[in-house]
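So the structure is just underneath, and the comments pick up after that.
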Protein chains: 2
Amino acid sequence: MTRKAFFISDGTGITAEALGNSLLAQFENIEFEKVTLPYIDTVEKAEKVAADISAAHHEDGERPILIDTIVNEEIRQVLSNTDALKIDIFSTFIKPMEREFGVDSSYSVGKSHGIVEATRYKERIDSVNFAIDNDDGARTKQYDQADIILVGVSRCGKTPTCLYMALQFGIKAANYPLTEEDLEKESLPDCLKPYEDKLYGLTIDPFQLAAIRHERRPNSRYASLDQCDAEVRFVERMLKKQGIDFINTTTFSIEEISTRIMADRGLKRRIS
Amino acid sequence: MTRKAFFISDGTGITAEALGNSLLAQFENIEFEKVTLPYIDTVEKAEKVAADISAAHHEDGERPILIDTIVNEEIRQVLSNTDALKIDIFSTFIKPMEREFGVDSSYSVGKSHGIVEATRYKERIDSVNFAIDNDDGARTKQYDQADIILVGVSRCGKTPTCLYMALQFGIKAANYPLTEEDLEKESLPDCLKPYEDKLYGLTIDPFQLAAIRHERRPNSRYASLDQCDAEVRFVERMLKKQGIDFINTTTFSIEEISTRIMADRGLKRRIS
């Protein structure tokens, strides 16, 4: 049995989608077909959505789920006439907040937000540029500006984690690959020594590492399980010896890796 | 008057934060001090949070706002004893969903989710690698695999938009910078011609472009308003002439730019 779930927004849809996914994940035995519809900002677009919802109901024989973050009352009205299970975040929570604060919300007066993002944009761009410029040990002379420097073997997830922290949180994250040479010496490369308090290790299950490397360079020594296993064991030993915190990324998403490192280090987001 | 708002989660905190920010944004005249606390997954950690909430109440003379997505009942209990305005997403919406589906949720049975992210991880890594490999016109021979190719002048937001689409949606996004030479010819570079249906333009307000470029190369011709203005006018004229859709990024966040392009082109997320 498949249920359709509609995540609908007059903006990006990111909030409706995040909340919807969290709620639906609590029902692991039900299969949902998820549809995100952003920028539903006119009555005409909403009428098209309402028709899609009715069609889905008719087709599946089950009411779709409707999760929305739409502000405009006229547009809401169109959707409220559909026969769906409505998860109405704003109307549920805004009223108690208005009572608490003693003021009307923009939601109640039907006003949408057009936030000029210039400052946030600049912070993000700076962090993204920093991550790219300082990726994979390409440059080490900006490490004094880094919030964090990730270290680990090639293909353990350093680059996407740095980029995620930059885009999502405005964190300046560099990364440095530990090579066989560093690992055999069992000491930190000289360029990292002045920044020991900024270092954070990533490790990974050798089987998964081999699978990832195999995609990049099939049947190479680099991708062999022996090689991956040796590198991971070396790196874990060195990180322990140097007293550098590390996280095993194998079963974590990039969101989890990033937020765990930040929580561990007390790093706060620089953009909101 | 400042109100403290606590976004609390036993996981990354990303959902609680996204929802909290959306709700609080409806009260534009109130200043909130936002605190995100992820990985509150033990009673001990929750007790520490409860103490922080009490301290905030005492300090500000106003009840803090508490927005949480915690599953475990014992941990919830600790937080429910605090004197805060509680925005309780799960307990509000899970019950009607259980009735609708006729089953108990993992939430009701107090089970948290440990999702192995391997498949999602691989899709994301592939897309991030694609964005990096195909950044700034570095390589054009993989354009047949691209979902979208962004074009625009230097520093108009192409790179962060590509990376965001890769990380958040698993979209393969390349980008190609339009140089003065391309612009003066008023025709597409040859390498883009076979992929006209994948092209999407970014433009930007010349003043903002000059400010961004000035950060990178202060007082250069590259950063001068005259130069920025000429490039932007050229690029907009060429995009119109070629019939290529474009978006002016000036007042949009990277989330908005990405989701608008995807909605416009009917691109669906490849990871959920």
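General observations
- Flag if B:V109 is outside any helix (DSSP H, G or I) and surrounded by fewer than 23 Cβ atoms within 10 Å (Cβ to Cβ): yes
- Hits in the stretch B:118-166 (condition: in contact (Cβ under 8 Å) with a residue 40 or more places away in the chain, small (G, A, S) and either surrounded by fewer than 18 Cβ atoms within 10 Å (Cβ to Cβ) or away from chain A (no Cβ under 11 Å) (or both)): B:G137, B:A146, B:G152, B:S154
- Some residue of the stretch A:179-197 being more than 25 Å from the chain's Cα centre (by Cα), β-branched (V, I, T) and surrounded by fewer than 22 Cβ atoms within 10 Å (Cβ to Cβ): yes
- Extreme residue, nearest to A:P177 (Cα to Cα), among residues of the stretch A:231-259 that are part of a helix (DSSP H, G or I), in contact with a Phe, Trp or Tyr (Cβ under 9 Å, 6 or more places away or on another chain) and more than 7 Å from every other protein chain (Cβ to nearest Cβ): A:V235
- Among the numbered conditions (1) modelled with pLDDT of 90 or more; (2) at the interface with another protein chain (Cβ under 8 Å from one of its Cβ atoms), the only one that B:L66 does not meet is (2).
- The single condition among (1) at the interface with chain B (Cβ under 7 Å from one of its Cβ atoms); (2) within 17 Å of B:A18 (Cα to Cα); (3) surrounded by 21 or more Cβ atoms within 10 Å (Cβ to Cβ) that A:Q26 does not meet is (2).
- Extreme residue, nearest to B:Y121 (Cα to Cα), among residues of the stretch B:141-182 that are assigned to a helix (DSSP H, G or I) and of a type in the set (A, V, I, L, M, F, W, C): B:L167
- Annotation note: Cβ proximity below 6 Å between a residue of the stretch A:65-82 that is surrounded by fewer than 20 Cβ atoms within 10 Å (Cβ to Cβ) and a residue that is in a loop (DSSP other than H, G, I, E, B) and not hydrophobic (A, V, I, L, M, F, W, C) (sequence gap 6+ or interchain) occurs for A:N72/A:G110; A:E73/A:G110.
- Number of the exception - A:R213 against (1) over 22 Å from the mean Cα position of the chain (by Cα); (2) within 14 Å of another protein chain (Cβ to nearest Cβ); (3) buried (at least 19 other Cβ atoms within 10 Å of the Cβ); (4) touching a residue at least 60 places away in the same chain (Cβ under 8 Å): (4)
- Check on B:I8, modelled with pLDDT under 90, under 17 Å from B:I89 (Cβ atoms), assigned by the TED database to the domain that holds B:L79 and not small (G, A, S): no
- Any hit, the stretch A:56-63, residues being in contact (Cβ under 8 Å) with a residue 24 or more places away in the chain and crowded, with 18+ Cβ neighbours inside 10 Å: yes
- Members of the stretch B:129-140 that are assigned to a loop (DSSP other than H, G, I, E, B) and among the polar types (S, T, N, Q): B:N134, B:T140
- Residue count, the stretch B:216-241 (criterion: touching a strand residue (DSSP E or B) at 6+ places or on another chain (Cβ under 8 Å) and surrounded by fewer than 18 Cβ atoms within 10 Å (Cβ to Cβ)): 1
- Filtered residues of the stretch B:54-76 (kept if closer than 24 Å to A:I89 by Cβ and polar (S, T, N, Q)): B:T69, B:N72
The values are calculated or read from the model by the stated rules, or taken from the named source; none is laboratory data. All values derive from a computational prediction rather than experimental measurement. Every residue, glycine as well, gets a Cβ built from its backbone with ideal geometry; the counts of neighbours run over all protein chains shown.
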